[in-house]
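The block underneath contains the structure these notes are about, expressed in structure tokens.
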Amino acid sequence: MTAQEGLKNLYLDKISCKKNLSLHEKAIIDFCKGIPPLESDSIKELSKESFSLDVTTPWDLVDKWRKLLMLNSLLPQFEESNSLKISQYQLTRKLSRKPFWEECQLIEAYRQLNSYLNGFSSKSLPLQQLESGASLLNSGGHWSWAEIPHCRFHAELASLWVVLGTLLEDDRYINAAVKAAKWQLNTLSHDFFPFEGLFIQEEDASLVALLTWNYLLFSSISHLPDLAYFKVAADKQLTYLQSACENQFDEFPVESLFIETLIKNDSKTVKTVQKYDLPSGILDPHTNLVGLRSSSFNVVCSHFGGRTGLGAIKTKDVSVLSYGPHHFPLADCRGFGIEGGAISTQKQVKPKLAADIKEFSLKRSVRIVSPPTENGSHDLFRNSPHSGIWADVHQSFSHDKLNLDTLFYGFNSLDSIAFSFFVKASGCYLENGISLKPNSFDRYWDKSQTVYLKGVKGELQINLLGPESELQIIPLSGGKNFWGADFLLAYSLTKERPAYSWIVS
């Protein structure tokens with residue numbers, strides 16, 4: 001399976017099990033097989049979807065550009081499709097003239113690619129990238145939550161840069177994609193499996209989509225000179241993706257199939273790499289990111305956020321997918337996490353992170369996100385007023401043990417906030433003998449005590465130090481929601497007690 005046909009073969013294998021295929025799914029199947037779609041009606045259906053999609057948020061616009069990319073790739077296969085080609089040309093021109101959200105780099109990359117495929121040039125904005133290679137979703141500083149690289153979209157953006165660099169013969173895009181791919185390696189554990197909740201908002205979380213874009217980025221970069229080691233990372237992503245698609249194939253981003261075709265890889269340039277090990281240490285001051293990975297324990301922490309958590313932990317088959325402050329109600333993750341990143345702190349002195357192959361320490365004041373609202377700009381753009389709450393957070397790791405110390409302060413009460421851990425494990429046990437299973441009606445809601453999280457191979461324990469707090473343990477389904485977690489552990493905070501400390505080991 002070559003880098004250029006990996007996703008196509010996977011898609012054809014998984015879609016073959018599906019019944020009642022739509023017309024444009026049939027067209028995509030034919031596209032993957034390299035033959036013209038049998039029914040032009042399938043293209044008309046997809047075109048109708050593109051025209052009917054209302055554009056009221058950045059996400060609507062991204063979805064429309066993705067559909068246009070598929071159409072612009074399918075239409076050349078029809079000799080008699082002049083009317084559709086004209087319509088697509090007009091729609092591409094119309095979307096390109098929209099003045100809003102052009103500083104969203106993902107939208108900008110799709111705009112440039114669709115413009116190229118329609119045969120007209122477009123002025124490109126400067127690429128916005130941190131020195132470490134991390135590329136921000138939005139470069140204008142208008143969205144407080146977009147001041148960090150969001151891993152799923154980060155890989156998608158860099159994959160588009162590979163295509164643009166190839167088609168436009170512009171090394172700026174290729175060089176930026178290489179730097180982004182090297183940074184993306186920081187988001188993988190020692191076995192190349194992604195930290196599923198790191199720099200990813202819950203509503204965007206999709207393991208299938210993350211693995212797909214990681215694979216596409218790493219496989220395309222592996223064909224460049226002296227970067228063949230990325231093929232090891234790419235092959236790992238594809239292996240994990242095949243497994244993930246067994247239960248969540250409906251989340252597969254079909255637009256990636258068309259981008260894969262546009263990446264012109266020369267298989268002769270790929271050298272065989274038998275083995276490549278990721279560095280044990282993770283350190284990037286530009287995203288306030290630090291971590292360690294080994295066969296026994298993987299941990300990564302950051303005090304930058306975009307409605308995201310403070311880090312992730314993994315030991316064998318047990319993981320803390322994300323953890324951080326969480327406004328009630330717990331079912332709504334729009335009120336989870338911290339915010340503030342590279343743009344809002346770019347004039348400040350970058351933090352000094354102490355890290356070696358055995359331990360690290362990270363300390364910084366962070367801003368808590370605001371609680372979710374019923375309506376308003378929060379729903380459309382994910383922006384909201386300041387919560388008025390901060391926390392001094394100190395995370396230190398040594399001897400397979402993470403110490404997490406927090407001190408909360410601000411203008412508003414802590415009584416409506418918890419500190420949550422989203423966990424993937426096959427079982428949850430308490431020191432008093434109570435046990436809970438995923439996807440069940442079991443629930444614990446009482447005084448805090450040591451929690452043991454067990455898998456087939458690994459185990460973690462979480463212990464709140466000092467005075468007791470009210471603890472809720474809620475079994476989850478492990479599906480699409482909550483980053484795929486099996487359990488939610490939520491410790492209630494109170495205004496009488498601003499300081500909390502946990503040990504995860």
Restricting to helices (runs of 4 or more DSSP H) lying wholly in region 1-96: which have 3 or more residues that are open to solvent by less than 50 Å² (accessible area, probe 1.4 Å) and modelled with pLDDT of 70 or more? 6-15, 23-33, 58-74, 82-96
Can you give me the ranges of the helices (runs of 4 or more DSSP H) entirely in region 127-229 with at least 1 residues that are within 19 Å of P58 (Cβ to Cβ) and open to solvent by less than 10 Å² (accessible area, probe 1.4 Å)? 151-167, 207-221
Would you mind stating whether L471 is more than 19 Å from A312 (Cβ to Cβ), modelled with pLDDT of 90 or more and either part of a loop (DSSP other than H, G, I, E, B) or open to solvent by less than 60 Å² (accessible area, probe 1.4 Å) (or both)? yes
Would you check if there is a residue in region 473-490 being over 21 Å from L321 (Cβ atoms) and either touching a Phe, Trp or Tyr at 6+ places or on another chain (Cβ under 7 Å) or not hydrophobic (A, V, I, L, M, F, W, C) (or both)? no
Pick from region 406-415 the residues that are open to solvent by less than 60 Å² (accessible area, probe 1.4 Å) and either in contact (Cβ under 8 Å) with a residue 60 or more places away in the chain or outside any strand (DSSP E or B) (or both): which of them is farthest from H386 (Cα to Cα)? T406
If I ask for residues that are assigned to a strand (DSSP E or B) and over 22 Å from T315 (Cα atoms), which ones from region 433-468 would you list? Y444, W445, D446, K447
Is it the case that some residue within region 442-460 is in contact with a Cys (Cβ under 8 Å, 6 or more places away or on another chain), of a type in the set (K, R) and more than 28 Å from W390 (Cα to Cα)? yes
For the condition under 24 Å from the mean Cα position of the chain (by Cα), at pLDDT 95 or above and on the phi < 0 side of the Ramachandran plot, what is the one hit in S420, S384, S377? S420
The lone condition K457 fails out of (1) in contact with a Leu (Cβ under 7 Å, 6 or more places away or on another chain); (2) surrounded by fewer than 21 Cβ atoms within 10 Å (Cβ to Cβ) is (1)
Residue ID - most open to solvent (accessible area, probe 1.4 Å), chosen from residues in region 444-454 that are touching a strand residue (DSSP E or B) at 6+ places or on another chain (Cβ under 6 Å) and over 24 Å from A244 (Cβ atoms): W445
Give just the number: which of (1) without any contact (Cβ under 8 Å) to a residue 60 or more places away in the chain; (2) open to solvent by 40 Å² or more (accessible area, probe 1.4 Å); (3) more than 30 Å from Q248 (Cβ to Cβ) does S477 not satisfy? (3)
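For every residue, the table says whether it meets (1) open to solvent by 10 Å² or more (accessible area, probe 1.4 Å); (2) outside any strand (DSSP E or B).
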{"position": "G291", "(1), (2)": "no, no"}
{"position": "S319", "(1), (2)": "yes, no"}
{"position": "S322", "(1), (2)": "no, no"}
{"position": "P325", "(1), (2)": "no, no"}
{"position": "R334", "(1), (2)": "yes, yes"}
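The values are calculated or read from the model by the stated rules, or taken from the named source; none is laboratory data. In this text the structure is predicted, and so the values were computed from the model without any measurement. Reconstructed Cβ throughout: ideal geometry from the backbone, glycine too, with neighbour counts over all protein chains shown. Areas reflect the complete protein model, heavy atoms only, side chains present, ligands, DNA and RNA absent. Shrake-Rupley method; radii C 1.70, N 1.55, O 1.52, S 1.80 Å.
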